[in-house]
Structure formats: structure tokens, C-alpha cells
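First up is the structure itself, then whatever we jot down about it.
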Amino acid sequence: NSGVVCLLRPLLLDVVPSIRQTAALALGRLADYDVELAETIVKAGILPQLMCSLPEENRYYKKAAAFVLRGIAKHSPQLAQAVVQCGALEMLVICLEDFDPGVKEGASWAVGYIARHNAELSQAVVDAGTVPLLVLCIQEPEIALKRIAASTLSDISKHSPELAQTVVDAGAIAHLAQMILNPDAKLKRQVLSALSQIAKHSVDLAELVVEAEIFPVVLTCLKDSDEYVKKNGATLIREIAKHTPELSQFIVNSGGVAAVIDCIGSCKGTVRLPGIMTLGYVAAHSENLSMAVIVSKGISPLCNCLIEEHEDHIKAAAAWALGQIGRHTAEHARHVAIANVLPTLLDIFVDTRSSEDLKMKASRSLKNILQKCTYLPALEPLLHEAPHNIMKHIIGQFSKVLPHDSKARRLFVTSGGLKKVQEIKAEPGSLLQEYINTINNCYPEEIVR
Amino acid sequence: RAIDEDRKTKYIAALKIQRWFRACRVRAYLRHLSKTATLIQKWWRGYLRRKNFREVVERAYFIRKLKFYNEMAVRIQKIWRGYYVRKYIHNFYALKKYLEAVSVNNELVRSELQEYAEMKENEEKMKDLEKKEKEKKYQARKMHYLLSTEQIPGIYNSPFRKSPDPMELLLRKSKPLTHRKQKIQSSFADELYDWPTCKKPPAFVTALPLLPADRQKPQGPFRDPAEVLRQRYKPLEPTLRVRESMNSPPARAREATGREEWRSPIHDNEFLPFSSYHKKAEKYEPSLCKSGKYGREAYGTKHFREVYPKKWIADK
């Protein structure tokens, strides 16, 4: 910090090329390491000097200059904005057109870091015409260049649908889809994240991604040994499944649900989260899809997630997904109840350590399932422990089923449920009182007393 | 006076009787009137009703028929709708079959994925094994001196063992390592060796290959390396025509006008720059072999032009 930048500045204009390269490399390393140094470099106005001679320089200088830009742009949006205002984007485009793959890699890395921060910077990057060049970079044989170009495309397309559409118009999807088959794990991570950022914005984009024939190849990614490949693969499937029932149907038909369920079963921690949300979205669209999820043995991994995970947001996602599965008809609710999920949900709801969001999701899914559940043996244990607002639903369900089923009535009495019902105090005229009255009317007077 | 009173009472009685009788008569008259009114009304109403009777009956009949048809139609619609919904919209059996198909498909997918995972694991294991083998072979080559000789048994070939150690066998098989400097394999090569097109490690190298300052200049008429590099890496600056891609709008426009011209050229005879050459080409020139007066010429095959050195001028 002690005037290093001012000392390096004249070296950038030296006659000997290797001195220029080393000076640029030093600046790049300084900027990469620390935010204040990066700001000092920007304030000292070194960037225009760096840029001015760039087109005539050799590839090492271009690489070092791209390294400097990357180091500055990665810290914050304001620094990236300053970099763009110095006219760095045109120079980076020139670097991207260069033949040396190392130069292209450095340039696309810098472009990726600029585009990462917000939508305006991404728009500026796209306006400079980098997207077709990046698509060309993806087709190059060097793996590192492919990785970085894929991550840059992912950063550009994540901000808005128009940017994603620009990326798609440059023909990126076909190349990205081909690269899913590549054995390199880091490349697969970036490619899957790029596809999921494109697919998440709208139905048309998701359909375009699906038309590139990624299924069933994506399912092999879910079995990869690298955790982040699994996570990004599950994210991609989630972004496709969430738009319409037809897309979810397609995913179910190609066996995607089974793969996702296996993936959830084999992973631990945040890696599971996109898979859980995929199941929730698929089940939410229609009851047939929800039944398909149940048939593919989806409930037990979700239940395990609820029990084993420590993070609240994963538990909340699992609770939400279970609610979506069970809320359609009595049959669905029965499957969910048989898996012994309801007491777990109730425990989460009652637990003081759970966050607000988790409690709300658990309570909502519990209510949704209970409103359709007619499987009384699962409801009985809940009767003893439930708080007041849940109790209303449980009693309501009992009052719907008991008048018609004599065996259930007998069971209800013998298991002590009737006694419990008598102990509940309710205001006269409220819904709860009506339910209690309905239940009491099913039995002869002596038993009620 | 008794007669007077008598007469009065008689008069009064006569009045009473007459009054009574007149009242009776009036009552009878009124009764008669009401009876006839009733009769007239009865006959009139009957007449009216009998006039409208047909219509009323027809209407009632029509309404009864309609009600009947409506009921029957409702029955048909009820049965049809139940059938249709059960068959097509909420087809239970199709749903069951679909769910079974989904589970079968899932099983398939799961088994395929399992195979894929196993295959990957096997590949990993094979890679590891190969690496270990390579390591061992390299070590054996390096430690070739530990091989046992005729006189002295090596450490891996103890005289108390029945057969030599596998390491001993490896040592026997391996070629001794020369002391030439070996190329250091970078760790990236292991990751990428099976991906055919990428042969070198990641291209972005953080250390620039700087030439050492005290490197001796190579002998000979070599150019300055900076110049050479500049020439080598001179960026391509194609002309505007070359730079434009084939698919850009001006190129396409040019193509369109080119096609027009080809279709409808103004001059049918093309401009031929060497027209006499072309004229010559049109003329037929008989070949030498067959162009003699009576067949083949002897000149060119049997004899060539004779040489008369005496006739030459140049030497003189």
C-alpha cells in the first residue's frame, strides 16, 4: 500500500515487453488480494494506460491485463462499473477474439466477474457483443476455457429473461447440452448451472432447454460422485419442473423423479435442497403427478430429511413438499399419514427452537394434509398432543368420518379418544363445539357421560 | 169500539198476513232470480269451458309429455356423463396403468443409473490401480541396483524363502533408469488423460515464461526474439471483405444481385480477353500422327530433321 501502485505505473509504459508484463501481473495480484488496493488502482487511473496499448501487445500482456481487470471487478459492483466505464469491455472483446486460449480464458473470466454483480452490468457486457464470442469459446477443445465460458454465460443469464433470451439466441443451449456428457466434474457443474439459470425465467426458455434433449442424460449427472454436480443437476430439474404441469409430466415420464429421489437419499446437507424442492413442485401441479411421486417412493426420503437435517430451511422445504404431496385427496393424505409424517410435523410446529418460517410451513402443510386425511389410526396420536388451532381440524375430520363407520367408532372409544374429546373445552357456537356435538351424537348417552 | 178494535186487529192482522205474503213472494222471486242467475252462469261457464276444453287438455298433455321426456333425458345424460368421465377424464384404470408404468420406468432408470455409478466406480478403481502399478514400476526401475546377483542374494531374495519376492521379479523385469532429466508430470495430466482432445494442462498459467536475463544469445544469424515473437503473434487484420461473414446482410445482398445477373445477363457473348486464343481453340488442328498425305508421316517417328552443321552461320 505504500505507494506501490504509483511505482508500478511507469513500469507499465516501459520499453521492454517483459517488464510491462510483469508489472501488469503484479498489479493483477495486488488487485485480486484486497479491495482497497483495487480501489487505489482504479483511482490512480491505471486502467486507461493498461487498455491503450492492448491491441498491439502480445498474449502474455493480454493475459496479465485480463487478470488485472478480473481482480478489480470481482470485489464490488461499483468497482466493476468503474472498470466498464474505462472502456474495458471493448478491450476484453478484442482479447476474446484472440487465438490463444489462455488469453480467451482470462478475458472470459474477467467478463464473468463483471457480469456477476447486477443486471445493468450484464446488459453492458451483452451490448459489447461478448455473447457470440463466448459461445465460440465454449466450443474450443481446452477444458479450462470451456469451464470459464460456461460460468460466464451462467452469470450473464441469471439476472433477467431478456439476457437469458440473448444467450439462447446466440445458440448456446445446443453446445451446453452437448457438454453435459463431458467427464470433467467442474465443467459439468458450470454447464448445469448455466442451463438452470436460463431455464428458470420463463416457460418458453424452459421448453427450449428441454428440447435440447438433455433428458435422460441429466439423470446420469445426478449419480455423479461430485456433490455440486448433483446439486446443480437437481437445480436444473427443479427450474424446469416448476413452470407447468406438462413439463413436470415430461420429467416424470422420463424417470426423473426416481433419480431425484435416489439423489436425495444419498446426499446430506444443502445439496439435498433443490431435489426436495423439485419433488414439491412436481407434486403441487396435479394429483396424478403427486400420486406418481408417492408411487416412486418419494415420501420416505422426505421424512428422513425432516428428521435428520439440522438446517431450518431444508426442514421447511421438506415440510412444504410433504404438504404439497398430501393435500390433494384422501388417498394422498392416507399415504402421507401412513409414513408417520404427521407426528414429526407436529413436533416441529410445537418446538420452540424452530424458526418462524419453519413453523409456518409446518403448520400450513399439516393443515392441508389434515383437511383431507380420513385415516383415523394416524390421527389418534395427534389428538393427544395437538395445540388448539390444529385440534380444530383433527376434530373436524373425526366428525366427518365417525358418523358413518361403526368399527371406527368402537376403536375411537376404546383408544380413549372420546374421553379426550370430552376434555376439550370449546366456546359454544364455535366450529369446534359443532364438531364435538356431532361426535357426541354418534354415541349413546351413557358412554358420553 | 170493540168492533173498531176488532177491525183494527183484523186490519193489522191482514196487514201482517199481506206483509208476510209479499215478503214471501219477494223472497221467492229473489230466490228464483238467484237460481236463474246461477243457472245462466252455470250454463255460460260450462259453454266457455267446453270451448277451451280441447286446448286445455292438449296443453296439459303436452306438458306431461315434456316432463316425461325431460326426465328421461336427464337419466340418459346422467348415465352418459358418468360413463364418459369415468372412461376418459378420470379414468381409474388408465391412471393405475400409468402409475404402474411410471414405477416400472423408475425401476429401469434406477437400475441404469446404478450401473452407471458402478461403471464410474470401476473406472476410478482401475485408474487408481494403474497409478499404483506405474508407481511400483517406477520405483523398481529406480532401485534396480537392489537386484540379486549370482553371488550375493538381494534383499528381496532371501535364501530362506522358497521363491523370490514379487518385488524381486519386478526388478528383474524392469529396465534400469537412465539419468536423463525426466519430464515432470503435472498433476492435471491425471485428470485429463482420458479426454482425448485436451493434451496440455490448463492454459492460464500465472507465471509468465520470462526469458532469463543472463541467457546466452544463441550463436548464428538469428533475429531478435522480440521481433520474432512480434511477427509470430501479429494479429490477423483481414480486409473488410474477408472479415465479413458469409451470412452477414451485405454478403447476402451481394449474393442476391449476383444471382440476378447470372439469370439475366445483358451481354450474351461474354467478354473474352484473349479472343484470338479462343478462336484458335475453335479451329481444328489435326494431330501429327495422322496428318500426312497418305497416312502417317514418317517425320516425328521415323526420322527427325537432319542436322547440317555446314549450313550453320553462327560459328563463322
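Nothing in this text is a laboratory measurement; each read-out follows from the coordinates by a stated rule. Only a predicted model underlies this, so the values are computations on that prediction, with no experimental measurement involved. Please note: Cβ atoms are built from the backbone with ideal geometry, for glycine as well, and neighbour counts cover all protein chains shown.
Rank these for me by crowding, B:21, A:349, A:250, going from fewest to most other beta carbons within 10 Å.
Values: B:21 10, A:349 22, A:250 16.
Final ranking by Cβ density, sparse to dense: B:21, A:250, A:349.
Give the dimensionless ratio obtained when the Cα radius of gyration of the protein assembly as shown is divided by 2.2 N^0.38 Å.
Numbers: Rg = 49.4 Å, N = 765, 2.2 N^0.38 = 27.4 Å.
With N residues counted in the protein assembly as shown, Rg over 2.2 N^0.38 Å equals 1.80.
Nearest 20 debye, what's the magnitude of the dipole of the range A:377-448 about its Cα centre given +1 on Lys and Arg Cβ and -1 on Asp and Glu Cβ?
With only Lys, Arg, Asp and Glu charged at Cβ, the dipole is about 160 debye.
Going out from 0 in 5 Å bins, what whole percent of all Cα-Cα distances in the range A:212-364 drops into each bin?
2, 11, 21, 23, 21, 13, 7, 2, 0, 0
Please tell me the relative contact order of the range B:112-176 in percent, rounded to the nearest whole number, where contacts are Cα pairs under 8 Å and at least six residues apart.
Working: 42 pairs, mean separation 18.9, N = 65.
Answer for the range B:112-176 is 29 percent.
Mind scanning B:132/B:175; A:158/B:234; A:146/B:134; A:158/A:186 and naming the pairs with a C-alpha gap bigger than 27 Å?
From B:132/B:175; A:158/B:234; A:146/B:134; A:158/A:186, over 27 Å: A:158/B:234; A:146/B:134.
Relative to the longest principal axis of chain A, what angle (0 to 90°, nearest 10) does the C-alpha long axis of helix A:143-157 take?
Once rounded, one gets 60 degrees.
What is the order of A:33, B:116, fewest Cβ neighbours within 10 Å to most? Please report the intermediate quantities before stating the final value.
Values: A:33 11, B:116 14.
Fewest-to-most Cβ neighbours within 10 Å comes out as A:33, B:116.
Tell me, what is the percent relative contact order of the range A:282-338, built from C-alpha pairs under 8 Å that lie six or more residues apart? Mind showing how you got there, number by number?
On the way: 51 pairs, mean separation 20.7, N = 57.
Result for the range A:282-338 is 36 percent.
Just going by the charge dipole of the protein assembly as shown, with Lys and Arg at +1 and Asp and Glu at -1 on Cβ, which of B:309, A:247, A:193 is farthest out on the positive end?
So the residue furthest toward the plus end is A:247.
Give me a single rounded figure for A:327-338: the average over its residues of other chain Cβ atoms within 10 Å of their Cβ.
Working: counts 0, 0, 0, 0, 0, 0, 0, 0, 0, 0, 0, 0.
Mean shielding by partner chains, rounded to a whole number: 0.
Which pairs in the list A:230/A:361; B:97/B:120; A:367/B:87; A:188/A:315 are over 30 Å apart, alpha-carbon to alpha-carbon?
With Cα atoms farther than 30 Å apart: B:97/B:120; A:367/B:87.
How high is the relative contact order of chain A? Use alpha-carbon pairs under 8 Å, at least six apart in sequence, and give a whole percent.
7 percent
Looking at the square roots a ≥ b ≥ c of the eigenvalues of the Cα gyration tensor of the range A:389-449, which shape do they give, rounded for a/c under 1.5, prolate if a/b is larger than b/c, or oblate? List each step's numbers first, then the result.
Details: a/c = 1.62, a/b = 1.39, b/c = 1.16.
Prolate, because a/c is 1.5 or more and a/b exceeds b/c.
Report, to two decimal places, the Cα Rg of chain A normalised by 2.2 N^0.38 Å (N = number of residues).
Working: Rg = 29.6 Å, N = 449, 2.2 N^0.38 = 22.4 Å.
It is 1.32.
Per-residue counts of other Cβ atoms within 10 Å, averaged by peptide: what ranking do you get for A:389-395, A:43-49, highest first? All intermediate terms of the calculation are to be shown ahead of the outcome.
On the way: A:389-395: 19.7, A:43-49: 14.9.
Going by the mean number of other Cβ atoms within 10 Å, highest first, we get A:389-395, A:43-49.
Output needed: percent of Cα pairs per 10 Å distance bin for the range B:121-173, bins running from 0 to the one holding the longest distance.
25, 40, 23, 11, 1
Return the single residue from A:295, A:271, A:282 with maximal mean-square fluctuation; model: Gaussian network over chain A, springs between Cα atoms under 10 Å.
Highest fluctuation among the options: A:295.
Please give the charge dipole size of chain A, origin at the Cα centre, charges +1 on K and R Cβ atoms and -1 on D and E Cβ atoms. Round to the nearest 20 debye. Spell out each step's value before the answer.
Numbers: 44 positive and 48 negative charges, 273 e Å.
Roughly 1320 debye for chain A.
Where the eigenvalues come from the Cα gyration tensor of the range A:113-213, what are the semi-axes √(5λ) of the equivalent ellipsoid, largest first, in whole Å?
Numbers: eigenvalues 71, 52, 26 Å².
For the range A:113-213, the semi-axes come out at 19, 16, 11 Å.
Quantify how strongly other chains surround peptide A:139-152 by giving the mean number of their Cβ atoms within 10 Å of each of its Cβ atoms. Please report the intermediate quantities before stating the final value.
Details: counts 0, 3, 5, 9, 9, 7, 4, 1, 1, 2, 0, 0, 0, 0.
Partner-chain Cβ atoms within 10 Å, mean over residues of A:139-152: 3.
Along Cα→Cβ, 7 Å out, is where each label goes; now give me the distance between the ones at residue B:228 and residue B:59 in nm to one decimal.
11.8 nm
Got a sec to turn the phi values of the range A:435-444 into Karplus ³J(HN,Hα) couplings, 6.51 cos²θ - 1.76 cosθ + 1.60 with θ = phi - 60°, whole Hz, x for Gly and Pro?
Once rounded to whole Hz, the list reads 4, 4, 4, 4, 5, 4, 5, 6, 10, x.
If you put +1 on each Lys and Arg Cβ and -1 on each Asp and Glu Cβ, how big is the dipole of the protein assembly as shown around its Cα centre, in Debye rounded to 20? Spell out each step's value before the answer.
Details: 116 positive and 87 negative charges, 1123 e Å.
I would put it at about 5400 debye.
Would you please report the Å³ per residue occupied by the convex hull of the alpha carbon atoms in the range A:1-159?
Values: hull volume 14.6 nm³, N = 159.
Enclosed volume per residue, from the Cα hull, is 92 Å³.
Of A:403, A:278, A:336, whose Cα points farthest to the positive end of the dipole of chain A (charges on the beta-carbon: +1 Lys, Arg; -1 Asp, Glu; origin at the Cα centre)?
Value computed over the given set: A:403.
Going by how many other beta carbons lie within 10 Å of each one, how would you line up B:87, A:407, A:62, fewest first?
Values: B:87 12, A:407 8, A:62 26.
Placing the least packed residue first, the sequence is A:407, B:87, A:62.
Put +1 on the Cβ of every Lys and Arg and -1 on every Asp and Glu Cβ in the protein assembly as shown; which of A:383, A:25, B:139 then has its Cα farthest towards the positive end of the dipole?
Value: A:383.
Per-residue mean of other chain beta-carbon atoms within 10 angstrom of the beta-carbon, peptide A:292-300?
On the way: counts 7, 1, 1, 8, 8, 3, 0, 0, 0.
Mean shielding by partner chains, rounded to a whole number: 3.
Over 15 Å apart: what share of the alpha carbon pairs of the range B:1-90 falls there, rounded to a whole percent?
Details: 3197 of 4005 pairs.
Distances greater than 15 Å cover 80 percent of the Cα pairs.
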